[in-house]
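Chemist: Here it is, the structure, as structure tokens.
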Amino acid sequence: MSILIQNGTLLCPEGPVKADLRAEGEKIAQIGPNLPVGDNTVIDASGKLVFPGFIDTHTHLEMNKGLPNETADSWASGTLAALAGGTTTVLDFAEPERGASLSSALDTWHRRADGAASCHYAFHMTIKDWNPSIKEELADMTAAGVTSYKVYLAYDALRISDGTALEVVRAVGEQGGIVGCHCENGDLVAAGIAAQKAAGRWGTAAHPLSRPAAVEAEAITRWLTIGELAEYPVNIVHLSTARGLEAVRNARARGQKLYVETCPQYLLLDDSRYSLPGFEGAKFVLSPPLRKKQDIDALWTALEAGEIDTISTDHCSFHFHGAKELGREDFSKIPNGIPGVEHRPVLMYTCGAATGRISPFQLMKLLSEQPAKLFGMYPQKGALAPGSDADIVIFDPEYRGLITAAAQHQAVDYTPYEGMAVRGRVETVLLSGTAAVTNGQVTAPNQGRFVRRGPSRFWR
Ligand code: URP
Ligand code: ZN
Ligand code: ZN
């Protein structure tokens, strides 16, 4: 079956072009002016923006499975929500049990995702343990299409030492992959939480106070030192502060190659949310926490200047009722994480492209091209180009809407963006050449497939 998308503004790798695009089977076959209609199914994209499918490289679906703090979104609901919002590929974090092999986690994540997913998907691997047998498994992971990893410098159940992190970056670098890091100083977070409680502060307002900007900045500086000594590029996930950004700029000024992710919540929401009445602040408890207006401004300036490489969601949804409530009496027991996989494209269009802070072309690079390059999927994914996969989003910039939990596909009982007015809408999504969203409605669920990834393609 072939589909002809006519008269759209296509966000191609070289820049926006007004042209037609023909998808044949699962691939993009042709891009050019006035392509012949023939027997193609025609989609009129006049006045619309046409993007390569958006890629969210930071989700946690079915995390903490079987525990009281299990995440709300399953692979079925999370990827359906992603698709509805224009995300055609998610990269989720597979996480081995303590002492278990990487392949055991890979098997578990495949078992959960295969056959359930509505958008395409791939896995990063979390490194909690490091020993010769895990190191040996890296080559198996590469062969299985897993080429990126995450380490944590915070969370007692997850964090590794600096020396281990150095070895991981080297070993993954030798495989052509990349390691991302959760940059918060775990010891200082523990001390910060204890200090808040000692001062009698047990509510959500204590959450940002327990892990201030300096705690992130120190860990970023340390992580970049590790990358420098390992002599491989590294990735920083969920950057949230101006101080962290300062560390990034210093390292880049010295010539270090590194990549930076931030998330819509750090660009749009501030720490005043933790002082909302009642227990409402719990809806915004994630780590790193929401920050101050000055941090938000600094991140936007960096985004406009091209200093940030990817925007992903860190989608980690917990029900307010039942899960977040575990921390009603003690903020440190509130499960950390917020939902967002469905709304990232429209949020970033509304607050970035529609306001002129970034162009639709920059948006395409942040949400599609650069994630695909960094995580070894380019140009199969992330490009409107002949031969690339026909994962395509047709976006109507004129639409006006509201974000509400009642209307979302995310299977969680709230959204941190409740009531926010948005500009634009994902009208049509082609997933591997099949119309999976039509007129804003999901029309072909459950078509997601595993994406086998190759080495990172570094552009810095
Ligand atoms: O609070 C967060 N971000 N939860 C998800 C896990 C992580 O640190 O990325
Ligand atoms: Zn993290
Ligand atoms: Zn995360």
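Chemist: Grab the DSSP H runs of the chain that are 4 residues or longer, score each as -39,500 (n - 2.57), total them, divide by all residues and round the 222 nm result to the nearest 500 deg cm²/dmol.
Modeler: Taking each H run of at least 4 residues, the total per residue is -8000 deg cm²/dmol.
Chemist: Which percent of the accessible area of the chain is formed by carbon and sulfur heavy atoms (probe 1.4 angstrom)?
Modeler: Result for the chain: 52 percent of the exposed heavy-atom area is carbon or sulfur.
Chemist: Answer rounded, prolate or oblate for the range 419-460, using the Cα gyration tensor with square roots of eigenvalues a ≥ b ≥ c: rounded when a/c is under 1.5, else prolate when a/b is larger than b/c, else oblate. It would help to have the intermediate numbers written out before the result.
Modeler: On the way: a/c = 2.91, a/b = 1.39, b/c = 2.09.
Oblate, since a/c reaches 1.5 and b/c is not below a/b.
Chemist: While we're on this one: Within 10 Å of each candidate Cβ there may be at most 13 other Cβ atoms; applying that plus a DSSP loop requirement, which GluC sites (Glu not before Pro) in the range 87-174 survive?
Modeler: 97
Chemist: Would you work out the charge dipole size for the chain about its Cα centre, treating the Cβ of every Lys and Arg as +1 and the Cβ of every Asp and Glu as -1, and quote it to the nearest 20 debye?
Modeler: It comes to approximately 620 debye.
Chemist: Report the charge-dipole magnitude of the range 278-350 in Debye, nearest 20, computed about the Cα centre from +1 at each Lys and Arg Cβ and -1 at each Asp and Glu Cβ.
Modeler: Dipole of the range 278-350, to the nearest 20 debye: 240 debye.
Chemist: Quote the FRET efficiency, to the nearest 0.05, computed for residue 114 versus residue 280 with a Förster distance R0 of 41 Å and r equal to the Cβ-Cβ distance.
Modeler: Efficiency, from the Cβ-Cβ distance: 0.65.
Chemist: Positive end of the dipole of the chain, charges at C-beta (+1 Lys, Arg; -1 Asp, Glu), about the Cα centre: which of 290, 242, 134 has its Cα farthest in that direction?
Modeler: Result: 242.
Chemist: Okay, moving on. What does the extension gain come out to for residue 27 and residue 41, with contour length at 0.36 nm per residue minus their alpha carbon separation?
Modeler: 3.5 nm
Chemist: Ok, one more. In the structure displayed, which of 292/365; 27/48; 293/324 lie more than 23 Å apart, Cα to Cα?
Modeler: Beyond 23 Å: 292/365; 293/324.
Chemist: Hey, any idea what the orientation-averaged projected area of the convex hull of the range 243-328's Cα atoms comes to, in nm²?
Modeler: 6.3
Chemist: Can you tell me the length gained on complete extension of the stretch residue 136 to residue 439, counting 0.36 nm per residue apart and subtracting the Cα distance?
Modeler: Here the segment from residue 136 to residue 439 would lengthen by 104.3 nm.
Chemist: Given R₀ = 41 Å, FRET efficiency for residue 457-residue 330 by Cβ-Cβ distance, to 0.05?
Modeler: Numbers: r = 45 Å, r/R0 = 1.09.
In this case the efficiency is close to 0.35.
Chemist: How about the range 1-95: which trypsin sites (Lys or Arg not before Pro) there are in a DSSP loop, with at most 13 other Cβ atoms within 10 Å of their Cβ? Numbers along the way, then the final one.
Modeler: Working: sites: 18, 22, 27, 48, 65; in loops: 48, 65.
Those satisfying the criteria are 65.
Chemist: With a probe of 1.4 Å, find how much accessible area the range 1-151 has per residue, and write the answer as a whole number in Å². Walk me through the numbers on the way to the answer.
Modeler: Numbers: 5370 Å² over 151 residues.
Each residue of the range 1-151 exposes 36 Å² on average to a 1.4 Å probe.
Chemist: Could you calculate the contour length gain from residue 450 to residue 170, that is, 0.36 nm times the residue separation minus the distance between their Cα atoms, to one decimal place in nm?
Modeler: Full extension of this stretch gives 98.1 nm more.
Chemist: Can you compute the label reach from residue 98? Point 7 Å from Cα along the Cβ direction, backbone N cut-off under 15 Å, restricted to the range 329-350.
Modeler: In the range 329-350, the label zone of residue 98 (backbone N under 15 Å from the point 7 Å along Cα→Cβ) covers no residue.
The values are calculated or read from the model by the stated rules, or taken from the named source; none is laboratory data. Source: prediction; values computed, not measured. Heads up, the Cβs are rebuilt from the backbone with ideal geometry, glycines too, and the neighbour counts pull from every protein chain shown. SASA here: full protein model, heavy atoms, side chains in, ligands and nucleic acids out. Shrake-Rupley method; radii C 1.70, N 1.55, O 1.52, S 1.80 Å.
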